[in-house]
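Undergrad: Got a structure for you, written out below as structure tokens; questions coming shortly.
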Amino acid sequence: MWIKEAQELDKKYNIFITLAEKAEGKFPLAVKDNICTDGLRTTAGSKILHNYIPPFDATVVQRLKAVGAAVVGKTAMDEFGFGTFSVNCAYKVPKNPLNTDRSCGGSSGGSAAYIAASKHAKFALGQSTGGSISCPAAFCGVVGLTPTYGLVSRYGLIDYGNSLDKIGLLAKTVEDAAFALGIIAGHDPKDSTSLPLERRGYAKHCIPQDLKIGVPKEYFESVETGVEKAVWVAIKKLEAEGIEYREVSLPSTKSALFSYYIIAMCEASTNLAKYCGLRYGLSENPEGRSFNEYFSSVRTKGFGQEVKRRILMGTFARMAGYREAYYLKALKVRANVIAEFKRVLKSVDVLAAPTMPMIAPRFSEIASLTPLQHYTSDVLTVPANLAGLPQISVPCGKSEGMPVGLHFIGNHLAENKIISAGWFAEKIFGGKHG
Amino acid sequence: MITKETVGRVAKVARLNLTEEELEKFSHELSSIMEAFEELKKAKAGKEPAFHPIVLRDSVRADIAEHCLTEDKALQNAEQKEGKFIKGPRAV
Amino acid sequence: MVKIGLEVHAYLNTHTKLFCSCSTIGITEAVENSRVCPTCLGLPGSKPVLNSSAINVGLKIALSLQCKLPKEMFFSRKTYFYPDMSKNYQITQYEIPIASKGKMESADESGKPFSVSITRLNLEEDPAKIEHVGGSITEAKYTLLDYNRSGLPLCEIVTDPVFKTPRQARLFLQNLEAVLRYIGALHPLFSLKADANISVTGGERVEVKNVTGYREVERALQFEIVRQNNLVRRGEKVERETRLWDAQAKVTRTMRKKETEEDYGYIFDPDLPRFSISKESMKIISKTLPELPREKIARFIKSGVPREIAKSIAGDLQLALFFEKLKSKSAPRWMLLLKKTLNYNDILVSEIKLSPEQFEKLIVAVEKGELSERAGELILREAILKPEKLTKLIEDNRTLSEKELKKIISEVIKKEKSAAKILRKGNRKALEFLVGKVMKASDRKAEPKNVKKMLRKL
């Protein structure tokens, strides 16, 4: 039944890169294709891993299987997570179930589309480096929960930017997301960056809390009018329900974007060095060939354009002579961005802002964007991701008939507050609750 | 400005073969991206680099052996192999 | 002037690999690719977790080499492509390694002590084992890879360019191995691996890689000195480059020139946190260390061994351990003699067959006057490798008793009447002449000093 639905949805929306043959368990689970599943093909959306069968489960998959998850398939994504619209795909480009001319967002696009369209699934696994959960959640009108960096184990996640990557959830409701977080969160000795925290429940935070909200003024600077309006209407509705807000300022928003891209690309360019036609993935006959020629040949064939672009930039930014100005500087700018968030989050409990500056764009619009325009469209999600702060995106209204996401950002490990805020907002805006 | 020559040098370090058109295109794109990124130089910075969003320390494991992969699992994804070995290109 | 520096790699004595739980016990005998897991194979999604023992063993080395320690250290990714790499980056240390600025007491070929400055220690992972099929490394058709070794914990020990001869470099390596084994830091199945850098006056620094064995290090460096000096003499440039030692052809060959050197593009390894090095843990570790060479020197001097000799002996740990078993008063002097003999005959301390007890027997025989000094030296030379001959050699070379000597002297004097006559008048030449005759007649078993004394009394 779950497989059949997945097949049908895949036909309509190109949701899956690989479908499972059978799915038996208590509930269906779609998994972003950069999260390893034992015995089920995992490509991270890349041709260079077109034949890769992991010999182990990611910790999150293992924990969900233990409570009855049946993996239905591996969802479409930008190759290695490098994109905002799920169009940098080596396989089929997923479509937005609300309007198939439009993008479902990225890079966890397939997981968001599945949750928007499925009648059976309550949540799916996604992953964010710079906004890849919140963005597709906003575009597809579902809930996206990105936990604090280190709260959920990255073991089994195919790395993009290891100091930024977080596994999280796309879900029908805030409560579904909070419930699933309780299963996957908690310390994992296989991930050295996993925080030493015990596993605990999060659904209990789906109650009203007395929260002070901060609205960062910089987060409305380059936002589409329709989105801006919808978000302000939502904030006013919350105010009417007794949740006060005040304006705050995060002046480092723009430098956060550059810092983020430098760090992410530097880390990515080293992570992707391992794909070279040995041990796994795309390969050729190595006989009679020098390693330089062989590696270059396999990598050139296996990687898409955006991957090459980011490898080039990441390699450049850490090369002798540039390392200091780009890589090391970016790490220091990150320290400042974190400090800035922490300062603001002393006076307010959560920040609220539009998740994305636009509604889901049409594929024709995306085609005319330059690479730099792609990158700058992440400007609202990137800073919180750079700082490793937990975020939740909930649908708050519509613009041009497409959903608009409201983004709540909390302090490190303040999942309780963003869950409460998201749950309350969902109730007010007429989500599945209420 | 990132010249075609620089792109070529970086591509060599990263083991990517680029066509003449790609060199041209990437030189153009990377120049405009890096130009925008120049703002980073003026950006407010903390004293110490932040390796991670949260300060992490001392996560180690005990020196106790655990099961390795079985031989078939270890080699299951290798297309290029010979006996129990992985096969690779010449080392020079 | 020749300047040589070493980059030594020591396999650490741990039960498991550096970043995963694959066993290292009996690793050299294990079936190919049977000691591997997602982490050491570099599979997508795998993550490193640091072995706590590797830090402790690294700190043991740091303490015994008198290094400075940071408050905390971290790991970096050194990115370069090579077939034996599981991820095409090596997890190693760059900005803040586990230790730096140390020193080790060593001794040169003449036994003169000198202190080797240690630049830094890095903890890092070993690459896979690579076999070249169908020819040498440059001509092979393809390679075969065994990842059992991938991820074994290494401590890279980098020295300043303090060695002036290839022999000094080799002696240091031997001694370093002895020290690392003695403190229990070195994996029992491995000896040290070393790369060297070498420059002569007027030339750039050249790195020499792919050398197995300490003797080969010496040979490769000797070859380089000749090659580089020849270039300088001809007015040609010694270029900065990396060269490979071809042990069969006994030459070094260009591997890569400076302009094609890899740009490693170091970044902090974002999969690993920082690691603190606390004073408390250092105290615990220092308690587990045995008496170190520098402590031995102090103790030897206190017990009356001359300072230079104490340093020279403890400059080689194995000699120091040998020396500690000797009780005779003249043992320190004999240790110097032993060292000289080893060096002269190109014998390693580890190759000595003579036990300290047997050596003691020889020393005592000389002390008692049963053997001449000279005979003792000659016997030592032979008995180092063939101690089973020792008893017979001592017997055969025993100095003559007074009675035996008197008899020979009286016989010589009977024959050489005229010389004896002049001798009695105090002629020096006659004395020497007669000493020679007596020595010959005694089959050189007489002690010349004694002969002289007895002849003068006539």
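Undergrad: Among the residues of the range C:273-282, is any closer than 30 Å to A:D188 by Cβ, among the polar types (S, T, N, Q), in a helix (DSSP H, G or I) and in contact (Cβ under 8 Å) with a residue 24 or more places away in the chain?
TA: Looking for residues that are closer than 30 Å to A:D188 by Cβ, among the polar types (S, T, N, Q), in a helix (DSSP H, G or I) and in contact (Cβ under 8 Å) with a residue 24 or more places away in the chain, one finds at least one in the range C:273-282, hence yes.
Undergrad: Let me ask something else about it. Residue check: is A:S347 of a type in the set (S, T, Y) and touching a residue at least 60 places away in the same chain (Cβ under 8 Å)? Outline the logic, then answer.
TA: Details: of a type in the set (S, T, Y): yes; touching a residue at least 60 places away in the same chain (Cβ under 8 Å): yes.
Against the criterion (of a type in the set (S, T, Y) and touching a residue at least 60 places away in the same chain (Cβ under 8 Å)), A:S347 qualifies.
Undergrad: Restricted to the range C:289-303, and to residues that are surrounded by fewer than 18 Cβ atoms within 10 Å (Cβ to Cβ) and either at pLDDT below 90 or part of a helix (DSSP H, G or I) (or both), which residue is nearest to the chain's Cα centre (by Cα)?
TA: Of everything passing the filter in the range C:289-303, C:R294 is nearest to the chain's Cα centre (by Cα).
Undergrad: Read through the list (1) out of contact with any Gly (no Cβ under 8 Å at 6 or more places or on another chain); (2) touching a residue at least 40 places away in the same chain (Cβ under 8 Å); (3) assigned to a helix (DSSP H, G or I), then give the number of the only condition that C:G369 fails.
TA: Status for C:G369: all satisfied but (3).
Undergrad: Check off (1) in contact (Cβ under 8 Å) with a residue 60 or more places away in the chain; (2) surrounded by 23 or more Cβ atoms within 10 Å (Cβ to Cβ) for C:S46 and give me the number that stays unchecked.
TA: (1)
Undergrad: Could you look through the range B:1-12, keep only residues that are hydrophobic (A, V, I, L, M, F, W, C) and at pLDDT 95 or above, and pick out the one that is surrounded by the most Cβ atoms within 10 Å (Cβ to Cβ)?
TA: Per the criteria, the residue is B:V10.
Undergrad: Sort out for me the helices (runs of 4 or more DSSP H) sitting completely within the range B:18-92 that have 1 or more residues that are closer than 30 Å to A:K301 by Cβ and more than 7 Å from chain A (Cβ to nearest Cβ).
TA: B:20-37, B:71-75
Condition check ((1) assigned to a loop (DSSP other than H, G, I, E, B); (2) out of contact with any strand residue (DSSP E or B) (no Cβ under 8 Å at 6 or more places or on another chain); (3) modelled with pLDDT of 95 or more; (4) surrounded by fewer than 24 Cβ atoms within 10 Å (Cβ to Cβ)) across all residues:
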residue: A:L64; (1), (2), (3), (4): no, no, yes, yes
residue: A:V72; (1), (2), (3), (4): no, no, yes, no
residue: A:M77; (1), (2), (3), (4): yes, no, yes, no
residue: A:F80; (1), (2), (3), (4): no, yes, yes, no
residue: A:G83; (1), (2), (3), (4): yes, yes, yes, no
residue: A:N88; (1), (2), (3), (4): yes, yes, yes, no
residue: A:Y91; (1), (2), (3), (4): yes, no, yes, yes
residue: A:C104; (1), (2), (3), (4): yes, no, yes, no
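Undergrad: Please determine, by comparing only the residues of the range A:244-283 that are surrounded by 23 or more Cβ atoms within 10 Å (Cβ to Cβ) and of a type in the set (F, W, Y), which one is farthest from the other protein chains (Cβ to nearest Cβ).
TA: Taking the candidates together, the pick is A:Y260.
Undergrad: Looking only at helices (runs of 4 or more DSSP H) that fall completely inside the range A:366-430, which ones have 3 or more residues that are charged (D, E, K, R)? Talk me through it step by step, then tell me what you get.
TA: Numbers: elements: A:371-376, A:382-386, A:415-428.
Output list reads A:415-428.
Undergrad: Please verify whether the range C:87-106 includes one or more residues that are buried (at least 24 other Cβ atoms within 10 Å of the Cβ), closer than 30 Å to B:P89 by Cα and among the hydroxyl-bearing types (S, T, Y).
TA: Yes - at least one qualifying residue is present in the range C:87-106.
Undergrad: Can I ask one more? Search the range A:320-351 for residues being at the interface with chain B (Cβ under 7 Å from one of its Cβ atoms) and aliphatic (A, V, I, L, M), and hand back the single one that is farthest from B:T6 (Cα to Cα).
TA: Only one residue tops the list, namely A:A339.
Undergrad: Then there's this: What's the total number of residues in the range C:226-245 that are surrounded by fewer than 17 Cβ atoms within 10 Å (Cβ to Cβ) and either in contact (Cβ under 8 Å) with a residue 60 or more places away in the chain or in contact with a helix residue (DSSP H, G or I) (Cβ under 8 Å, 6 or more places away or on another chain) (or both)?
TA: Selection size over the range C:226-245: 3.
Undergrad: Just need a number here: residues in the range A:307-327 that are buried (at least 19 other Cβ atoms within 10 Å of the Cβ) and in a helix (DSSP H, G or I).
TA: The qualifying residues number 13.
Undergrad: Out of the residues in the range C:390-406 that are in contact (Cβ under 8 Å) with a residue 24 or more places away in the chain and basic (K, R), state the one that is nearest to C:F359 (Cα to Cα).
TA: C:R398
Undergrad: Right, another one. Considering only residues that are acidic (D, E), within 10 Å of another protein chain (Cβ to nearest Cβ) and part of a strand (DSSP E or B), look in the range C:126-162 and name the one that is surrounded by the most Cβ atoms within 10 Å (Cβ to Cβ).
TA: Out of the qualifying residues, it is C:D146.
Undergrad: Here is a further query. I want to confirm something. Restricting to the range B:59-78 and keeping residues that are among the charged types (D, E, K, R) and buried (at least 16 other Cβ atoms within 10 Å of the Cβ), which single residue is farthest from the chain's Cα centre (by Cα)? Even if it seems obvious, please write down each step before you answer.
TA: Initial filter on the range B:59-78 (among the charged types (D, E, K, R)): B:61, B:63, B:66, B:71-73.
Now drop any that are not buried (at least 16 other Cβ atoms within 10 Å of the Cβ), which leaves B:61, B:63, B:73.
Details: B:R61: 26, B:D63: 29, B:K73: 26 Å.
This residue is B:D63.
Undergrad: I would also like to ask the following. Checking B:I33 against (1) aliphatic (A, V, I, L, M); (2) within 26 Å of C:D271 (Cα to Cα); (3) at pLDDT below 95, which single condition isn't satisfied?
TA: It is condition (2) that B:I33 fails.
Undergrad: Here is a list of conditions, (1) in contact with a strand residue (DSSP E or B) (Cβ under 6 Å, 6 or more places away or on another chain); (2) surrounded by fewer than 24 Cβ atoms within 10 Å (Cβ to Cβ), and A:I115 meets all of them except one; can you say which number that is?
TA: Looking at each condition in turn, A:I115 falls short on (2).
Undergrad: If A:L413 satisfies every condition in (1) of a type outside the set (V, I, T); (2) surrounded by fewer than 20 Cβ atoms within 10 Å (Cβ to Cβ); (3) more than 14 Å from chain B (Cβ to nearest Cβ) but one, which is the exception?
TA: (3)
Undergrad: I would also like to ask the following. If you go through the range C:58-74 one residue at a time, do you hit one that is buried (at least 20 other Cβ atoms within 10 Å of the Cβ) and within 15 Å of B:L69 (Cα to Cα)?
TA: Taking every residue of the range C:58-74 in turn, none turns out to be buried (at least 20 other Cβ atoms within 10 Å of the Cβ) and within 15 Å of B:L69 (Cα to Cα).
Undergrad: While we're on this one: Answer yes if at least one residue in the range A:365-377 is under 22 Å from A:A90 (Cα atoms), of a type in the set (F, W, Y) and within 11 Å of chain B (Cβ to nearest Cβ), and no otherwise. Before the answer, list the steps.
TA: Pass one, the range A:365-377, residues under 22 Å from A:A90 (Cα atoms): A:365-375, A:377.
Checking which are of a type in the set (F, W, Y) leaves us with A:375.
Okay, now just the ones that are also within 11 Å of chain B (Cβ to nearest Cβ), so A:375.
Yes; the residues of the range A:365-377 include at least one that is under 22 Å from A:A90 (Cα atoms), of a type in the set (F, W, Y) and within 11 Å of chain B (Cβ to nearest Cβ).
Undergrad: Among the strands (runs of 3 or more DSSP E) confined wholly to the range A:119-196, which include 1 or more residues that are in contact with a Cys (Cβ under 8 Å, 6 or more places away or on another chain) and over 21 Å from A:A421 (Cα atoms)?
TA: none
Undergrad: Condition check: of a type in the set (D, E), assigned to a loop (DSSP other than H, G, I, E, B) and either at pLDDT 90 or above or not assigned by TED's automatic domain parsing to the domain that holds C:P70 (or both). Does C:D263 satisfy that? Spell out how you get there, then give the answer.
TA: Values: of a type in the set (D, E): yes; assigned to a loop (DSSP other than H, G, I, E, B): yes; either at pLDDT 90 or above or not assigned by TED's automatic domain parsing to the domain that holds C:P70 (or both): no.
Judged against the criteria, C:D263 is not a match.
Undergrad: All but one of (1) within 14 Å of chain B (Cβ to nearest Cβ); (2) of a type in the set (D, E); (3) closer than 25 Å to C:Y182 by Cα hold for C:D316, so report the exception by its number.
TA: Unmet for C:D316, out of (1) within 14 Å of chain B (Cβ to nearest Cβ); (2) of a type in the set (D, E); (3) closer than 25 Å to C:Y182 by Cα: (1).
Undergrad: Looking at A:P286, A:P208, which one is within 11 Å of chain B (Cβ to nearest Cβ) and either surrounded by 15 or more Cβ atoms within 10 Å (Cβ to Cβ) or not in a helix (DSSP H, G or I) (or both)?
TA: So the residue among A:P286, A:P208 that is within 11 Å of chain B (Cβ to nearest Cβ) and either surrounded by 15 or more Cβ atoms within 10 Å (Cβ to Cβ) or not in a helix (DSSP H, G or I) (or both) is A:P286.
The values are calculated or read from the model by the stated rules, or taken from the named source; none is laboratory data. In this text the structure is predicted, and so the values were computed from the model without any measurement. We place every Cβ from the backbone using ideal geometry, glycine too, and count neighbours over all the protein chains shown.
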